[in-house]
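J.: Got a structure for you, written out below as structure tokens; questions coming shortly.
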Amino acid sequence: MNPSPLPMAYLVSRYPAVSHTFILREIQGLRTLGHTIFTASINPPDRSPEKMEAYERQESADTFFVKAKGAVGALIALLYWCVRSPARLLQTIRLGLQLGKNGNPLYGLAYVAEAALVARWMRQNGLQILHVHFGNASATVGVLVRRLTDCHLSYTIHGPDEFDDVFGQHLALKMSEADSVVCISQFAKGQLMRISHPDNWPKFQVCRLGVDPAQFTYSERPSNKSPVELLCVGRLSSAKAQILIVQACAQLRDEGLAFALTMVGDGPDRPRIEQAIERLGLGRLVRLTGSLNQEAVRAQFARADIFVLPSLAEGIPVVLMEAMSSGVPCVSTPVNGIPELIQHERTGLLATPGDVESLAAQLRRLIREPGLRRSLAEAARVKVQSDFNLSQNVAQLSRLFAAFATDRA
């Protein structure tokens, strides 16, 4: 008989967030399978309640926001632990001073205060298991919560940000402190093995993210459509390299190809992208929508013919899975975990990272060859349904979490 899952806490740096909708879906799926999950977020949501969908507003209302407690709340939490576990608090402070951002001990003390708040909230709700998404500052707080409470600690590691600053993120220490580590790709697992002692390798389990095919309706596109609709969805950032799409579009326009591009998202690279659109005279062909909610994004998938994401660094983008599930053939790059989802010329096309000519070549093929678009879309849908299906992957995650009951026995 399988052990019953214990109630657990999820800690995220910002929740709910547009770019992390997959975490909310994961939590909803686990709750459907019988898990009791409490959510905590270091920072407030990235939108006001009126800009959220109803289920996001409810999730926000039920979430414990750490920084919202302020200095007074942090002081109360520290005093709470000073009375109940003074020796553990001292150990936690000592470790926190070593984990400060850029070696700054003040950051370390801030992490200790946040950990004291999270730990007290967990104690008040009878929680002995803490799961943290990403290996960033929230994972640092997670390590300190473990030191303070001896809770069961697990992570979901995505990459690539965690791997860009292994030393600064204290990633090896975090892997040593964790009881279990979920890796969203084999690539992420390999990177963690590279920086960890082999004794820690058995902790690392690959459990992929996924999408619900029922939420993204698959439909065939007409082969004679003109102009061909290109779509990119994602935070506008140098890592996702959307500027390359604009540059590639200038080439395609000069060749006389009929297309239009919609870019959904916002971020620090937006001014640079807007300047490139103006400089290259693409204002009539390229449209920037800013951030959209999930319903609006699904509408964009429904009208798109080709999806493009020329990232220079990624985990495995959920947005690619969403496009593939919707019947939109994808052009991306073979970086990090993406080749585990897109196999070149089978389930999509892959361009050389950072190469405008290569990106333009792959887009040109799909614009000119509707038959190729159709065959790639069909194979992509099968790939998502078999390997990146949300319900089956959440079920796998549920089994991993249910085993925590045995671990704590």
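J.: Only one of these conditions is not met by ILE93: (1) surrounded by fewer than 18 Cβ atoms within 10 Å (Cβ to Cβ); (2) farther than 22 Å from PHE134 by Cα. Which number is it?
T.: ILE93 satisfies every listed condition except (1).
J.: Moving on. Please work out which one of (1) assigned to a loop (DSSP other than H, G, I, E, B); (2) farther than 15 Å from GLY315 by Cα; (3) in contact with a helix residue (DSSP H, G or I) (Cβ under 6 Å, 6 or more places away or on another chain) is the condition GLY126 fails and give its number.
T.: (3)
J.: Among the listed residues GLY234, GLY142, identify the single one that is on the phi > 0 side of the Ramachandran plot and touching a residue at least 60 places away in the same chain (Cβ under 8 Å).
T.: Sole residue among the options that is on the phi > 0 side of the Ramachandran plot and touching a residue at least 60 places away in the same chain (Cβ under 8 Å): GLY234.
J.: Kindly state which strands (runs of 3 or more DSSP E) lie completely within the stretch 183-272 and contain at least 2 residues that are touching a helix residue (DSSP H, G or I) at 6+ places or on another chain (Cβ under 8 Å) and within 24 Å of LEU288 (Cα to Cα).
T.: The strands (runs of 3 or more DSSP E) meeting that bar are 228-233, 259-264.
J.: Still on this structure, I have one more. Can you pull out every residue in the stretch 245-295 that is exposed (fewer than 12 other Cβ atoms within 10 Å of the Cβ) and within 27 Å of ARG221 (Cα to Cα)?
T.: If the condition is that a residue be exposed (fewer than 12 other Cβ atoms within 10 Å of the Cβ) and within 27 Å of ARG221 (Cα to Cα), then ASP254, GLU255, GLY256, GLY283, ARG284, GLY290, GLU295 are the ones that fit.
J.: Checking VAL145 against (1) outside any helix (DSSP H, G or I); (2) more than 27 Å from MET321 (Cα to Cα); (3) in contact with a Leu (Cβ under 6 Å, 6 or more places away or on another chain), which test does it fail?
T.: (1)
J.: Let me ask something else about it. Is it the case that ILE42 is at pLDDT 95 or above and either over 28 Å from ALA110 (Cα atoms) or assigned to a helix (DSSP H, G or I) (or both)?
T.: no
J.: So, in the stretch 10-19, how many residues would count as being assigned to a helix (DSSP H, G or I) and surrounded by 20 or more Cβ atoms within 10 Å (Cβ to Cβ)?
T.: 1
J.: From the list THR21, THR36, which residue is hydroxyl-bearing (Ser, Thr, Tyr) and in contact with a strand residue (DSSP E or B) (Cβ under 9 Å, 6 or more places away or on another chain)? Can you show your working first?
T.: Numbers: THR21 fails: in contact with a strand residue (DSSP E or B) (Cβ under 9 Å, 6 or more places away or on another chain).
Every option except THR36 fails the conditions.
J.: Can we say VAL382 is exposed (fewer than 15 other Cβ atoms within 10 Å of the Cβ) and in a helix (DSSP H, G or I)? Give the derivation first.
T.: Numbers: exposed (fewer than 15 other Cβ atoms within 10 Å of the Cβ): yes; in a helix (DSSP H, G or I): yes.
Yes.
Quick grid of which residues meet (1) under 23 Å from ARG381 (Cα atoms); (2) touching a Lys or Arg at 6+ places or on another chain (Cβ under 8 Å):
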{"site": "ILE273", "(1), (2)": "no, no"}
{"site": "ILE277", "(1), (2)": "no, no"}
{"site": "GLY283", "(1), (2)": "no, no"}
{"site": "GLY290", "(1), (2)": "no, no"}
{"site": "ALA299", "(1), (2)": "yes, no"}
{"site": "LEU309", "(1), (2)": "yes, yes"}
{"site": "LEU320", "(1), (2)": "yes, no"}
{"site": "MET324", "(1), (2)": "yes, yes"}
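J.: Go through the residues of the stretch 326-335 one by one and say whether even a single one is at pLDDT 95 or above and closer than 30 Å to LEU33 by Cα. Even if it seems obvious, please write down each step before you answer.
T.: The initial filter retains those residues of the stretch 326-335 that are at pLDDT 95 or above, namely 326-335.
From what is left, the residues that are closer than 30 Å to LEU33 by Cα are 326-327.
Among the residues of the stretch 326-335, at least one is at pLDDT 95 or above and closer than 30 Å to LEU33 by Cα, which makes the answer yes.
The values are calculated or read from the model by the stated rules, or taken from the named source; none is laboratory data. Everything numeric here is computed off the predicted structure, so don't read it as measured data. Positions of Cβ are generated from backbone atoms using ideal geometry, with glycine treated the same way; all protein chains shown enter the neighbour counts.
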